[in-house]
1. Going through the range 1-105, which trypsin sites (Lys or Arg not before Pro) have at most 11 other Cβ atoms within 10 Å and a DSSP loop state?
2. Which value, in Å² rounded to 10, gives the accessible area of Ser248 with a 1.4 Å probe and all protein chains present?
3. Consider the candidate values [x] 15.8; [y] 26.8; [z] 14.3; state which one is mean projected area of the Cα convex hull in nm² computed from the structure displayed.
4. Which of Thr222, Leu123, Gly244 sits closest to the plus end of the dipole of the chain, meaning its Cα is farthest towards the positive end, when Lys and Arg get +1 and Asp and Glu get -1 on the C-beta?
5. How big is the Cα convex hull of the range 150-206 in projection, averaged over all directions, in nm²?
6. What is the local net charge at Thr249, summed over the other residues whose Cβ is closer than 14 Å to its Cβ (Lys, Arg +1; Asp, Glu -1)?
7. In terms of modelled amide H atoms, which long-range or inter-chain residues lie less than 5 Å from the amide H of Gly244?
8. Please report, in debye to the nearest 20, how large the charge dipole of the chain is about its Cα centre when each Lys and Arg carries +1 at its beta carbon and each Asp and Glu carries -1 there.
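The values are calculated or read from the model by the stated rules, or taken from the named source; none is laboratory data. Please read all numbers here as calculations on a predicted model, not as lab measurements. All Cβ positions, even for glycine, are placed from backbone atoms using ideal geometry, and neighbour counts span all protein chains on display. To get the accessible areas, we keep the full protein, side chains included, count just its heavy atoms, and leave off ligands, DNA and RNA. Shrake-Rupley method; radii C 1.70, N 1.55, O 1.52, S 1.80 Å.
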Amino acid sequence: MSTLTPPRRSKRARRDALQGWLYASPTAIFVGFVFLLPLLLVLQMSASDWPLLAGNRGWNFPDNYVDATQHRLFWDSIWFTLKYTVVTTILLIGLGLGLALLVQESTRWKSFLRTAFLVPSALGLASASLLFYVLYSPYAGPFADLMQAWGFTFLGTPEGALWSTVFLIVWRYAGFYMLLMLVGLQSIPDEVYEAARIDGASTWQTFRTITVPLLRPTFALTIVLCVTGSLLAFEQFYILTKGGPDNSTMTIVQLIYNVAFQGQNDLGIAAALSVIVLLALVVINVFQLRAFRRTDEN
């Protein structure tokens, strides 16, 4: 009897493994079609002479990557994208934490404040960009008369276009990051704060030595989300500025779009730019996660 037991267990293990693969197969097929196949196609396009209207003309690696890095707007778009990323990340993380602390401490207006801060997050980014495009319009916007009287426009200068777009993004996403920060704050045990009060710690000392260290996982999540989203910024600048004035608000993703569908109509160079952006995102996110992990270990 004992000699028959291992085959039965082996047969059951194989059946369980097969059942697990069957459960996982829909997700695997979905990931394969939605992510892996497009990624392989982009890699092929980045190494091929692939005009938009003519199709694949054969391999030309590494010409597309050389042409991509030598594009006249490549380094300018990278510098602007990095500047925009730093500004939005600092504002969104700081404001999100401040709003979360305000909502957490507030008692009478807690429900109203949460709803008010979260309402803009329910609006799509493209819809919000169109709304602010009308708001900033010197012809049809509510500030049109004021702009004509004072002789200024929100989107007419590089700095004005940048900060006007940043204001849109902060208005749109501050509530979302407030919600993430609030979840992190509510996960901190009350006993820790009670012990700090008993030891005579001030509000600033409690925030600096308890709240901030225990929010490191939340900071890691929010910073990765904010940095990734900012580096891939497209809709807001395409709708509000079209990369102007004078290509001063051209992001790297908008440059990819322009190379692929406007002007050059070259899918090969656009794919090479996409691969460069993908590699940069992987490196940046790995660096961020390792930095937070090293901080936690210390």
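1. Details: sites: Arg8, Arg9, Lys11, Arg12, Arg14, Arg15, Arg57, Arg72, Lys83; in loops: Arg57, Arg72.
Sites meeting the loop and neighbour criteria: Arg57, Arg72.
2. Only protein atoms counted, so the area is about 30 Å².
3. Given [x] 15.8; [y] 26.8; [z] 14.3, the calculated one carries the label [y].
4. With unit charges placed on the Cβ atoms, the residue in question is Thr222.
5. 6.6
6. That works out to -2.
7. Thr249
8. For the chain, the charge dipole is close to 1320 debye.
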